[in-house]
1. Given the condition open to solvent by 10 Å² or more (accessible area, probe 1.4 Å) and more than 14 Å from the ligand (Cβ to nearest atom), answer yes or no: does some residue in region 439-450 qualify?
2. Confirm whether LEU262 is open to solvent by 20 Å² or more (accessible area, probe 1.4 Å), assigned to a strand (DSSP E or B) and either more than 20 Å from PRO70 (Cα to Cα) or of a type outside the set (Val, Ile, Thr) (or both).
3. Using the structure shown, decide if ASN127 is outside the structural domain of ARG299 (by TED's automatic domain parsing) and either closer than 30 Å to ASP343 by Cα or without any contact (Cβ under 8 Å) to a residue 40 or more places away in the chain (or both).
4. Would you mind finding the one in ARG506, ARG488 that is over 18 Å from ALA564 (Cβ atoms), assigned to a helix (DSSP H, G or I) and touching a residue at least 12 places away in the same chain (Cβ under 8 Å)?
5. Would you point out the residue of region 402-438, among those that are more than 21 Å from ALA505 (Cα to Cα) and in contact (Cβ under 8 Å) with a residue 60 or more places away in the chain, that is farthest from the ligand (Cβ to nearest atom)?
6. Take the residues in region 276-305 that are more than 27 Å from SER183 (Cβ to Cβ) and among the polar types (S, T, N, Q), then tell me which one is nearest to the chain's Cα centre (by Cα).
7. For a quick check of your reading: which strands (runs of 3 or more DSSP E) sit entirely within region 178-240 and have at least 2 residues that are under 21 Å from ALA589 (Cα atoms)?
8. Could you please let me know if THR329 is crowded, with 24+ Cβ neighbours inside 10 Å and in contact with a Lys or Arg (Cβ under 7 Å, 6 or more places away or on another chain)?
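The values are calculated or read from the model by the stated rules, or taken from the named source; none is laboratory data. These figures come from a predicted structure and were not determined experimentally. When we count neighbours, we look across all protein chains shown, and the Cβ atoms used for this are built from the backbone with ideal geometry, even at glycine. These area figures cover heavy atoms from the full protein model, side chains too; ligands, DNA and RNA do not enter into them. Shrake-Rupley method; radii C 1.70, N 1.55, O 1.52, S 1.80 Å.
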Amino acid sequence: MSTNIESHLIEKRVFKPAKEFSKKAQISNFADYKKLHAESVKSPEKFWAKEAATLKWTKKWTRVLDWKAPFAKWFVGGHLNASENCLDRHLEGPRRNKAAIIWEGEPGERRTLTYHQLHREVCVFANILKRNGVKSGDRVLIYMPLIPEAVIAMLGCARIGAVHSVVFGGFSSESIKDRILDSGATVVVTADGGYRRGQIVSLKQNVDHALQGVEQVRRVIVFRRTHLDIHIQEGRDVWWHREAEYVDAKCPPHPVDSEHPLFILYTSGSTGKPKGILHTTGGYLTGTASTTKYVFDLRENDVYWCTADVGWITGHSYLVYGPLANGATCVLYEGAPNWPEPDRFWKIIAEFGVTILYTAPTAIRAFMKWGDEWPKKHDLSSLRLLGTVGEPINPEAWMWYHKHIGEGRCPIVDTWWQTETGAIMISPLPGATPLKPGTATLPFFGIDAAIVDDKGKEVGPNEGGKLVIRKPWPAMLRSIYGDKPRYRKQYWSEVKGCYFTGDGARRDKDGYFWIVGRIDDVLNVAGHRLGTAEVESAIVSHHDVAEAAVVGRPDELKGQAVVAFVTLRSGYKASNELAEAIRRHVAHAIGPIAKPDDVRFAESLPKTRSGKIMRRLLKQIASGSAITGDTTTLEDFSVLTKLRASDE
Ligand code: PRX
């Protein structure tokens, strides 16, 4: 694997935190950050124990960390419950009647749930789970639209020690099925449908398809959201609202061991099969609660909006567990940002008085494209802090976000982290860190991040290398579900003694981290990780296809676009209809986000003598740049000439 990642962007603009912001901030100057960070990295256990102590434990831990690399146990022997920490804890004081969730559906209806109400709903749902035979440790698959019940289902699982695995509502039946089989889930929670761009997404129908031939799922709990006519399979499917009539609202939290699994979330890796990233309770909650408090500089009267779906890690950590553990008021919006018009977000911000907005660069680029007039129509003066996550933000998009949304007043926290890290790892602290557009700046407390060369040696300023983490942290993944060897190989074998992130990066002379992108075969499309191998195997499963190679091409809006090079089985002919059919086939197999933007037919693919597809060359062809670098290992050079010719 090569780490010769070039980076040509040198950004000179610096934005220091405004005095008024810093005055009230958790960490109010850069010197304090540096001092606290240095201390926290010297003794991370001390820092994290202090943070963990802000949570409610029913039994205190006896040891902060048990580290037998690469396996970590945090807060050993401690007992707690995640839903108790997110809910019950807030019921005794003034937060009892504070809004926990302010929700808006895409068609426009609204619901507000106070902490008291959310607690009650979660208890009811936890009892529904129990009534349906769900026990601590059982896996429950959640496939829901972005409605309060998605959060209620997650916290209901946590309340009884069941392990949730949320599948993004945009994923297909095949994806649901793979995840059910891998996780061993026996219960599925879904809805009759959800709204997206004015259409109903038929979630229950997707579940029905996924469950064909799958015996292990004994119960499907269906929430009525759209009144769409759906099939109910006797003996397997039950309505949420009917079940609720049989249970009461009393359900004491079930304390679990700190290392009890909280959830499994699937993400793409460089091989075909998605990985079930396993997170446990005590460390994950400590990491998400602590980062939410410092990075978003949370205050009691904030109205906090993270626009991610619960199907992604950002939704887990910064829409559910982190903010609710801090007693925040969270906005939840079900639908598309441009429905019915491209100002939906700005309307929501103005009407709910949102103070913190956390979104993705791909969304920001879409807003830029739709035009400045849309945010201008609305009063955005309630905003005090902005955030981004999911991919590098290009300085131009950063500046637009700063000027048109933050009105020059709001700091921007560009947060780097991953499904695997569980919580934010590299990010500015808004009252302390001078910002430069395009960099996630510096590591969070207790995080020892570095950039190393192929031999594991730290590189100098502005030299590119691999981004690694040198010490364990509480919210880190514990394993790939059911596959410890793969966990070890994937994350802990590339650089000795370090967690390897898969990202390339450099540090500038001030030590700021600039993330260049993935260095494995993983694409980042609109902020979502897609394994090239996964898309390839979906393409090859099309009857007419012999072989496929998928690469990313830079795309203004999505960060990367998916380009598929396809060779057909003999006797089949390339056509626009077939390209379209292949695109549809991928959307069906994985979900619309994985749909190739371009399908290019080729007689053969460039390969090394050992038969490995030379993606580097395909990438250059896909992006229309000149073929550079070594081509001596190429088996048949004429393949390249033909591919180039087909491009013209
Ligand atoms: O390549 C990095 C990119 O997204 C990857 C993690 O993807 P995922 O597990 O889906 O989680 C996304 C949400 C946390 C990283 O390896 N990435 C994420 N945030 C940033 C980023 N790249 C640059 N800057 C960021 N702020």
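1. Taking region 439-450 first, the residues open to solvent by 10 Å² or more (accessible area, probe 1.4 Å) are 442, 448.
Filter once more, keeping what is more than 14 Å from the ligand (Cβ to nearest atom): 448.
Yes, the conditions are met somewhere in region 439-450.
2. Working: open to solvent by 20 Å² or more (accessible area, probe 1.4 Å): no; assigned to a strand (DSSP E or B): yes; either more than 20 Å from PRO70 (Cα to Cα) or of a type outside the set (Val, Ile, Thr) (or both): yes.
Taking the combined requirement at face value, the residue does not satisfy it.
3. Values: outside the structural domain of ARG299 (by TED's automatic domain parsing): yes; either closer than 30 Å to ASP343 by Cα or without any contact (Cβ under 8 Å) to a residue 40 or more places away in the chain (or both): no.
No.
4. Working: ARG506 fails: assigned to a helix (DSSP H, G or I).
Unique residue meeting the criteria: ARG488.
5. So the first thing to find is which residues in region 402-438 are more than 21 Å from ALA505 (Cα to Cα), and the list is 402-411, 430-432.
Narrowing the set further to residues that are in contact (Cβ under 8 Å) with a residue 60 or more places away in the chain leaves 402, 409, 411, 430-432.
On the way: HIS402: 15, ARG409: 22, PRO411: 15, PRO430: 15, GLY431: 19, ALA432: 18 Å.
This residue is ARG409.
6. Residues of region 276-305 more than 27 Å from SER183 (Cβ to Cβ): 290, 293-305.
When the remaining residues are screened for being among the polar types (S, T, N, Q), the result is 290, 301.
Details: SER290: 18, ASN301: 26 Å.
Step by step, filter region 276-305, then rank; the result is SER290.
7. Result: 187-191, 194-196, 199-201.
8. On the way: crowded, with 24+ Cβ neighbours inside 10 Å: yes; in contact with a Lys or Arg (Cβ under 7 Å, 6 or more places away or on another chain): yes.
Considered against the rule, which asks whether it is crowded, with 24+ Cβ neighbours inside 10 Å and in contact with a Lys or Arg (Cβ under 7 Å, 6 or more places away or on another chain), THR329 comes out as yes.
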